Structure formats: structure tokens, C-alpha cells
Amino acid sequence: MSPTLPRRRAVCLPVLLALLAACTAPQTADEEAPLPTERAADGSCWAREHVPAIYEQVAGEVLVVQAEIAEDGTVLRAPIYRRTQVPKLVRPRGELRFEAPCPAQMTPEFIASVQRALAARGEFAGAASGEMDAPTRAAIRRYQSARGLDSGQLSLETAKALGLVAVDLSEIEDSGI
């Protein structure tokens, strides 16, 4: 067995593991449980949601065989690279925070009203069950995504837009409406 064989295995093993890791199915936001809503000192409630990292595949080089270098620093054998597609980070993982109805407001009656309001807008096709189930979260996500918030958790802004939460008159006066 030549002394370069263990080095080749040492180089190939991380590359092989990286390729195998890329074969796992990505989790979608619907598979992850929503993070709990937090109450702020002023009494408002804030929802949090993880925003996954986004990668794109770009042309790059992967080291296949490491260079062999003598003790005096002379290169005995140049490294060997392979051209392939490599992942490039476009957007790092983050956390999204937005004001949301407090858990005490999220009663079955309120959730049923959300379902009916979304159904009236063509976003929800199920029966108003009063449960925050996967179809309800998907309908909320569709409705909010079209308005710039990609989340399955109901925002306070969306609840106001659906006519389900009272709007403070000072908010209307400040906006010039």
C-alpha cells in the first residue's frame, strides 16, 4: 500500500460526506413547528420565525488529490482539482420578527373567523374548524406572502387587514388616511 493512499482517503472522505449530506430532503417551513409568540414589556406580542439560508449552485473547483510536498517545501506532485457545481450562500439563515396577536386572542372562535376571512378572499378552502392546523397556516402564508411576509403565523397587520382586530384611530390619523 503506497503512503498516498491514506491521504487520498482522507481527502475523498470529506468530499463524499459533503455529497451525501446534500442528498437529504430539505425541510419546508410547514414541517417546522412555529416558534412561540413572545410578550413584550409594553403588552404587545411578537412572533418569530426562522428564515432558512438560500444557496445557489455555481461553477467551482473541488480538491480531489492533495499536493505532495517534500520536507524542503518542494512540490512533488501538484494538487488535482475537479470542476463541478458548488454551493454558494446567497442569503444566510436568519430570524424574522413581527407583531402578532397574543396567544390569549387566538381562541377557536378567532381562528374560525380567520379561516372564514381567508375563505372569503379565496385563500382557504376548508371548513372553519377553529383549529390552527396545517391548511390554515398554509392559507395564512399564501395571503401574507402576497403582501411581503412569508410566514404561516398570523401577523397583527394581517389580522387588522382582514378586519379581525380593532385598529387604533391614532394609527389611521398618523398614516394620513
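Bear in mind that the values in this text are calculations on the coordinates, not laboratory data. Treat the numbers as computed from the prediction; the structure is a model and nothing was measured. Counting neighbours? That spans all protein chains shown, and the Cβs are built from the backbone with ideal geometry, glycine included.
With the cut-off at under 18 Å, measuring from each backbone N in the stretch 89-119 to a point 7 Å along the Cα-to-Cβ line of Val167 picks out 99-101, 114, 117-118.
What order do you get for Cys45, Cys102 when you list them from fewest to most C-beta neighbours inside 10 Å?
Numbers: Cys45 18, Cys102 15.
Exposure proxy ranking, most exposed first: Cys102, Cys45.
What the pair-distance distribution of the stretch 95-175 shows, using all Cα-Cα distances binned every 5 Å from zero, is 3, 15, 27, 27, 16, 9, 3, 1 percent.
Stretch Glu38-Asp150 to full length: gain in nm at 0.36 nm per residue minus the Cα-Cα span? Each step should come with its number before you reach the end.
Details: separation 112, 0.36 × 112 = 40.32 nm, distance 1.89 nm.
That pair, Glu38 and Asp150, stretches by 38.4 nm at full extension.
When peptides 137-144, 37-44, 122-129 are ranked by their average number of other Cβ atoms within 10 Å per residue, the highest-first order is 137-144, 122-129, 37-44.
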